[in-house]
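Below is one structure; the comments refer to it alone.
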Amino acid sequence: MDTRYSATIHGKYTFENFVVGSCNRLAHAAAVSVADAPGYAYNPLFIHGSSGLGKTHLLHAINNLILQKSHLKTIYLSCEHFVNHYISTIQSNEWEAFRNFYRNGDVFLLDDIQFFENSCGSREEFFHTFNALYNARKQIVITSDSPPESIASLEERLVSRFKWGLVCSIDAPSRETRTAIIEKKAASWNITLSHESAVYIAENISGNVRELEGAIARLSNEAKTTKNTISFDFVRKIVQEILGSRKSVRVEEVLEAISKKFNVSISQLLSKRRTRTLALPRQIAMHLSRKLTNMSLVEIGGYIGGRDHSTVIHGDETILKKAKKDKNLSFIIQKLENELLK
Ligand code: ADP
Ligand code: MG
């Protein structure tokens with residue numbers, strides 16, 4: 001079998017060490033059902049959520065459980081692998097081998113399908129692969145950083161096929177879930193951490209789970225090298241260091257990202273014009289500048305077209321309210337934020 005295009009499977013990503021909270025309960029339950037009865041529970045299963053929230057972990061957990069319980073053949077790969085495989089097949093012209101590779105599997109796990117965005121030919125090929133697998137009742141599980149309908153350039157026919165099964169999301173973990181994750185990770189690293197310390201980390205490091213893991217790894221390293229026990233003061237010191245070393249974003253970068261995303265010029269964003277097409281991107285600029293830069297409200301207002309600080313607060317709050325009701329807007333903002341923090 002050609003293994004060049006399947007990615008490495010991590011044995012450590014299992015259901016046992018996945019912490020379940022309200023943010024991921026449905027996705028976790030669906031993943032367990034799929035692993036219990038591949039091809040029968042939900043097909044396809046589509047899991048979406050921002051980076052670092054556990055999508056790849058769940059895919060691997062499905063894979064690991066299936067391999068443990070059955071002789072089914074699983075194919076796990078990232079969408080990038082699929083695109084590369086497609087491109088190299090254009091050169092070699094070995095289409096039969098390409099098709100057999102996918103069609104011979106019983107379970108198809110495809111990670112990060114948003115990477116199809118720029119590759120029309122591979123999307124077409126995926127469409128055929130999908131149909132062949134689906135018609136043969138093979139289990140398909142797909143992950144993405146946004147819901148199917150928000151993946152730009154994904155054809156309607158693919159979007160509607162994804163909806164034949166179950167589409168579910170993983171949201172950012174609450175403080176309680178973050179605390180539980182920290183305690184579980186600390187235990188698996190053999191670090192003794194008081195509950196107070198775990199809560200402190202969860203309160204201060206509120207991003208994705210990958211960041212929480214980074215904090216635990218840092219604590220473990222520091223404790224080893226400085227031979228320090230993990231006291232609350234020590235935890236506080238490390239957390240402050242992590243917060244201090246975070247990449248800070250410049251307001252120019254925020255404006256540039258928004259100008260690209262909404263197809264408006266920076267001078268239009270800074271202008272006094274109040275048309276709707278400008279008001280929304282401008283308010284998002286205020287929201288992201290407040291959240292991601294080190295600038296004060298007065299400075300942000302001054303930079304964004306000489307507005308005063310109350311306009312910035314109003315812009316920021318308007319966006320927070322709108323994003324709560326409008327999932328699509330909330331995804332756009334999350335994506336911009338991820339790009340800026342990269
Ligand atoms: P994604 O694929 O959504 O970007 P990953 O699955 O790579 O995210 O998760 C990032 C890291 O966080 C991984 O090491 C994973 O094990 C861990 N992680 C994410 N969610 C959880 C969870 N609910 N419980 C335990 N670990 C988690
Ligand atoms: Mg992933």
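The values are calculated or read from the model by the stated rules, or taken from the named source; none is laboratory data. Because the structure is predicted, anything quoted here is derived from the model rather than measured. In this analysis, Cβ positions are derived from the backbone assuming ideal geometry, glycine residues included, and neighbour counts consider all displayed protein chains. The area values use the complete protein model at the heavy-atom level, side chains included, leaving out ligands, DNA and RNA. Shrake-Rupley method; radii C 1.70, N 1.55, O 1.52, S 1.80 Å.
Things to note:
- Condition check for H28: open to solvent by less than 60 Å² (accessible area, probe 1.4 Å), over 22 Å from K163 (Cα atoms) and of a type outside the set (A, V, I, L, M, F, W, C): no
- In the stretch 95-129, the residues that are basic (K, R) and under 18 Å from P148 (Cα atoms): R123
- Filtered residues of the stretch 323-342 (kept if farther than 20 Å from I266 by Cβ and part of a helix (DSSP H, G or I)): A323, K324, K325, K327, N328, L329, S330, F331, Q334, N338, L341
- Residues located in the stretch 124-137, provided they are open to solvent by less than 40 Å² (accessible area, probe 1.4 Å) and of a type outside the set (A, V, I, L, M): E125, F126, F127, T129, F130, N131
- Residues (surrounded by fewer than 14 Cβ atoms within 10 Å (Cβ to Cβ) and modelled with pLDDT of 90 or more) located in the stretch 211-230: A217
- Residue ID - nearest to the chain's Cα centre (by Cα), chosen from residues in the stretch 48-102 that are of a type in the set (D, E, K, R) and more than 16 Å from ligand 2 (Cβ to nearest atom): K73
- Residue count for the stretch 106-123 under the criterion of being over 20 Å from the mean Cα position of the chain (by Cα), modelled with pLDDT under 95 and crowded, with 20+ Cβ neighbours inside 10 Å: the result is 2.
- Taking (1) outside any helix (DSSP H, G or I); (2) modelled with pLDDT under 95; (3) away from ligand 2 (no atom under 16 Å from the Cβ); (4) closer than 22 Å to Y13 by Cβ in turn, I140 satisfies each apart from (2).
- Selection within the stretch 185-207 - open to solvent by less than 40 Å² (accessible area, probe 1.4 Å) and either at pLDDT below 90 or not in a helix (DSSP H, G or I) (or both): I191, L193, I205, G207
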